[in-house]
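Report on one structure; see the data block that follows.
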Amino acid sequence: MGRHDWAHVLDSVPTGLYIDGQWGGASGGGRIEVADPATGEPLGEVADARPEDAVSALDAAVGAAGEWAATPPRERAEVLRRGYQAMTDNAEELALLTTLEMGKTLTESRAEVAYAAEFLRWFGEEAVRIGGDWSRSPSGAGRMLTMRQPVGPCLLITPWNFPLAMGTRKIGPAIAAGCTMVVKPAKLTPLSMLRLTGLLAEAGLPPGVLNVVTSGSAAAVTEPLMADPRLRKVSFTGSTPVGRTLMERAAPNLLRLSMELGGNAPFLVFDDADLDLAVAGAVTAKMRNNGESCVAANRFLVAESVAAEFSARLADRMGRMRVGHGAEADTEVGPLIDADARDKVTELVADATDRGANVRTGGSAPSGKGWFYSPTVLTEVAPESRILREEVFGPVAPITTFDSEREALELANGTEYGLVGYVFTRELNRALRVGEALETGMVGLNTGLVSNPAAPFGGIKASGFGREGGAEGIQEYLATKYIAVATG
């Protein structure tokens, strides 16, 4: 496929900064090249913002904050409803755009568009349910009134792996709560966010509520914003090291934070598990999004008695997956995002095999253009292997074994991360015991997919704090005010 096959999609994307309802270039005139990870060839360029552009975006957000906070909830809900409809009406265009800049298959991109749009619909419904409380004080001498108000201007920093869904998961509740915002999309995948911004503007989102700055240097635009006392909240999805840095920068102004950080998800298969279901769940949990997901299964912990059969089945299924350009109809696995990502996966596999791991399928990068890596299954992985300690972010499934439920939990919880865990068992009591004992913010019981706009998404430990989605998601953008009422 060549550029002419998708030129109409690329040509529909604004490539400037979006500040106070206007599209424009960066103050220095700089541009960032966006490439197709399947070929390494350029797709186009977008504006490269400077610090002064970021401050201008915050100026716009601050200027619009009062009026937007006072806008009736139903009006905010209607903007989100129209945004949802716009995404649905333009789903094929958005899906192809996501595939081109990120690499995932069209099937996966279509699923992401639907998932992303659902956050707008969900939070549109939540906008009219922001409540408070009225109660009598214990002494009877007064009344206590509590209300929820928007926290104020927000900085939303989104990752490259789900460029649409991680955007709407933050933008949706911010709009619903009455917050204004500056969005900083990942430099590798800015096109989807820019197109989404245009659709939200068409849906009636007022100028200044949503401002988008693209930049080749995240620090160049985030540092001046986080140092500005007018900013009141930061929501970040990305790596744990970057999250720790952002927390340090947030400390002087005591910014409210939501952090969805790295993971090292254990995938537990007990001896009574339905292996057909477990293998299907493993493929979903490992291979969704080319394995480039914070909730991807990272360590497969399998009961010794079923490990051989599970490993053989998983290797057979992953070994038959077709690798290719995400826009090709029969592709099941697309490229990794860039050369650094492929090099990291290559290093982790090499470290594991050097320590004695057995390659059951894959284990190498195909020759040719693009940043591809073959779906890989490793068995007999040594405990000290890096791949069991570090987030893989690629299509590699390392398998180790356990002899008891206690050992399984010790292995599963033996990490600083705590985002999600997966458990496959037919025994209800075990499912509940293990689900409660896992040190994670989320658990998939007999399923390899936990993400749902109606559910609270987030982790504990080094995987962050705060929740996105569900009824909890909008609370991240609301502050509680208490008013003491004297009644005489």
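The values are calculated or read from the model by the stated rules, or taken from the named source; none is laboratory data. These numbers were taken from a predicted model, which means no experiment stands behind them. A quick note on method: Cβ atoms are made from the backbone with ideal geometry, for glycine too, and the neighbour counts reach across all protein chains shown.
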Residue identified as within 19 Å of LYS187 (Cα to Cα) and of a type in the set (A, V, I, L, M) among VAL62, VAL13, VAL79: VAL13
How about the range 186-209: which of its residues are over 19 Å from the mean Cα position of the chain (by Cα) and over 19 Å from HIS8 (Cβ atoms)? LEU200, ALA201, ALA203, GLY204, LEU205, PRO206, PRO207, GLY208, VAL209
Which is crowded, with 19+ Cβ neighbours inside 10 Å and among the β-branched types (Val, Ile, Thr), of ILE474, ILE460, ILE483? ILE474
Could you list, ordered by first residue, the pairs with Cβ atoms under 6 Å in which the first is in the range 271-286 and assigned by TED's automatic domain parsing to the domain that holds MET321 and the second is surrounded by fewer than 22 Cβ atoms within 10 Å (Cβ to Cβ) and among the small types (Gly, Ala, Ser), at least 6 apart or interchain? ASP271/SER305
Would you list the strands (runs of 3 or more DSSP E) that sit entirely within the range 315-416 and hold 1 or more residues that are surrounded by fewer than 18 Cβ atoms within 10 Å (Cβ to Cβ) and either of a type outside the set (Phe, Trp, Tyr) or touching a Phe, Trp or Tyr at 6+ places or on another chain (Cβ under 7 Å) (or both)? 358-361
When you scan the range 129-151, do you find a residue that is at pLDDT 95 or above, assigned by TED's automatic domain parsing to the domain that holds GLU52, in contact with a Lys or Arg (Cβ under 7 Å, 6 or more places away or on another chain) and within 30 Å of VAL242 (Cβ to Cβ), even just one? yes
Does the range 377-413 hold any residues that are of a type outside the set (A, V, I, L, M, F, W, C), touching a helix residue (DSSP H, G or I) at 6+ places or on another chain (Cβ under 7 Å) and over 17 Å from ALA307 (Cβ atoms), and which are they? ARG386, GLU390, GLY394, PRO395
Pick from the range 158-187 the residues that are part of a loop (DSSP other than H, G, I, E, B) and out of contact with any helix residue (DSSP H, G or I) (no Cβ under 7 Å at 6 or more places or on another chain): which of them is surrounded by the fewest Cβ atoms within 10 Å (Cβ to Cβ)? LYS187
So for the range 89-96 (the condition being under 30 Å from GLU223 (Cβ atoms), modelled with pLDDT of 95 or more and of a type outside the set (Lys, Arg)), does at least one residue qualify? no
Answer residue from the range 433-460, given it is assigned to a strand (DSSP E or B) and either without any contact (Cβ under 8 Å) to a residue 12 or more places away in the chain or under 22 Å from PHE162 (Cβ atoms) (or both) and is nearest to the chain's Cα centre (by Cα) among those: PHE457
Which of the residues belonging to the range 318-369 are farther than 19 Å from ARG288 by Cα and at pLDDT below 95? PRO366, SER367, GLY368, LYS369
Kindly evaluate THR197 against the criterion of being closer than 20 Å to ALA471 by Cα and either assigned by TED's automatic domain parsing to the domain that holds ILE337 or among the hydroxyl-bearing types (Ser, Thr, Tyr) (or both). no
Within the range 4-51, take every residue that is assigned to a helix (DSSP H, G or I) and loosely packed, with under 14 Cβ neighbours inside 10 Å and give me the one that is farthest from the chain's Cα centre (by Cα). HIS4
Across the range 83-136, what is the total count of residues that are polar (S, T, N, Q) and not in a helix (DSSP H, G or I)? 3
